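Visitor: Please see the structure below; I have some questions.
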Amino acid sequence: MKYTSLIMFLALFSCSGPLMPRSHTLKAPPLPETWAFLGPPSWHIEWIDNSGIWRRAEAEARNGIILAVIESGETWTGAVLAWPFWPDTDCEKGVFRPAGAIVPFDISGGRVVLSWQGGVDAFFYRELARFGWGSTRSPDRFDWPRFRELFSGAPSPLLPEIRENPWLVDWTGVAVKTIASGFDRRRLVSAYTGSVSVPAPAAGPWAASNPFVLPPGSNPWELGAAPWVDTFVSPQGTAKVSQAGFIWRP
């Protein structure tokens, strides 16, 4: 077992990726159908440059292209996060889960192609950078293609529910442990250890802040609860749920 873990560590922390151009535009991912009533979002973009500094910008999208240009290093692996938000509503920056990309792997046709799975990857990258930038376990050394095979390859050792909804995982906690002792796929388990049952607070339609899940369709609502807050938005108001409880704001 120790020998196997050492192989996994050495494999997942390897050399950085191939060459890539310096400047890129961004291709937005398709929005979940349940978000349609919210209209087109604005985007809060975060990316890491070749000196390890996170840059930020806000932009609109037109014809599926986010009107922003990012600059990255040419010879190493970086990350891009794109948080959708709707100004002047409760759907402010950080409420909805991000799309994202790992570059250079997600570059196509001169653009960074964002995806919702890429948002999970890029968030994990950012958390690894927070706790171990510049170390031997720095995320620019991580083997991202092999990591992604856990979610896209067949067969996979991950539980089906984790593959279908990667935001079940406490990625911050996984990052802390990865920096301390190396990556271990067995840590990719659900952090939803609680549940909440409440009457549906409004008729909807509803949009879940997590793009991998559908909003509740029953009454009462039966919701899983995690240490963090999940949000459900409707024209009638906003519902938030966590292990601390449930809040409805008309």
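The values are calculated or read from the model by the stated rules, or taken from the named source; none is laboratory data. Being a predicted model, the structure only gives us computed values, none of them experimental. FYI the Cβ positions are ideal-geometry reconstructions off the backbone, even for glycines, and counts take in every protein chain you see. Accessible surface is based on the protein model in full, side chains and every heavy atom, while ligands, DNA and RNA are left aside. Shrake-Rupley method; radii C 1.70, N 1.55, O 1.52, S 1.80 Å.
Visitor: Determine the equivalent ellipsoid of the range 141-225 by diagonalising the alpha-carbon gyration tensor, then write out the semi-axes as square roots of 5 times the eigenvalues, largest first, rounded to whole Å.
Guide: For the range 141-225, the ellipsoid semi-axes come out as 31, 15, 11 Å.
Visitor: Can you tell me the Rg and Dmax of the range 44-161, counting just the alpha carbons, in angstroms?
Guide: Cα radius of gyration and Dmax of the range 44-161 are 14.8, 44 Å respectively.
Visitor: Which chymotrypsin sites (Phe, Trp or Tyr not before Pro) in the range 104-152 sit in a loop by DSSP (not H, G, I, E or B) and have at most 13 other Cβ atoms within 10 Å of their own Cβ?
Guide: Here no loop site has a sparse enough neighbourhood.
Visitor: What is the helix-to-structure angle for 116-132, meaning the angle in degrees between its Cα long axis and the longest Cα principal axis of the chain, kept from 0 to 90 and rounded to the nearest 10?
Guide: For 116-132 against the chain, the angle is about 60 degrees.
Visitor: If amide hydrogens are placed 1.01 Å from N in the peptide plane, which non-local residues have theirs closer than 5 Å to the one on Ala68?
Guide: Leu26
Visitor: Probe 1.4 Å, all protein chains in place: accessible area of Arg126 in Å², nearest 10?
Guide: 50 Å²
Visitor: Let me ask you something else. Collect residues whose amide H, placed 1.01 Å from N in the peptide plane, falls under 5 Å from the amide H of Ala202; neighbours closer than 5 in sequence don't count.
Guide: Excluding prolines and chain starts, which carry no amide H, there are no hits.
Visitor: In nm, what is the difference between 0.36 nm times the number of residues separating Leu150 and Glu71 and their Cα-Cα distance?
Guide: 25.6 nm
Visitor: Determine which aspartates and glutamates satisfy two conditions relative to Lys27: a Cα distance under 18 Å, and not lying fewer than 8 residues away in the same chain.
Guide: The reachable aspartates and glutamates, counting only those whose Cα sits under 18 Å from Lys27, are Glu46, Glu58, Glu60, Glu71, Asp106, Asp121.
Visitor: May I pose another question? Going by average Cβ neighbours within 10 Å, how do the peptides 108-114, 233-239, 53-59 rank, with the highest at the top?
Guide: Ranking the peptides 108-114, 233-239, 53-59 by packing returns 233-239, 108-114, 53-59.
Visitor: Another question about this same structure. Please report the antiparallel percentage of the DSSP beta bridges confined to the chain, to the nearest 5.
Guide: Within the chain, antiparallel bridges account for around 95 percent of the total.
Visitor: Let me ask something additional. Would you compute, from DSSP H runs of 4+ residues alone, the mean residue ellipticity of the chain at 222 nm, taking -39500 (n - 2.57) per run and dividing by the full residue count, rounded to the nearest 500?
Guide: Calculated from helices alone, the mean residue ellipticity at 222 nm is -6500 deg cm²/dmol.
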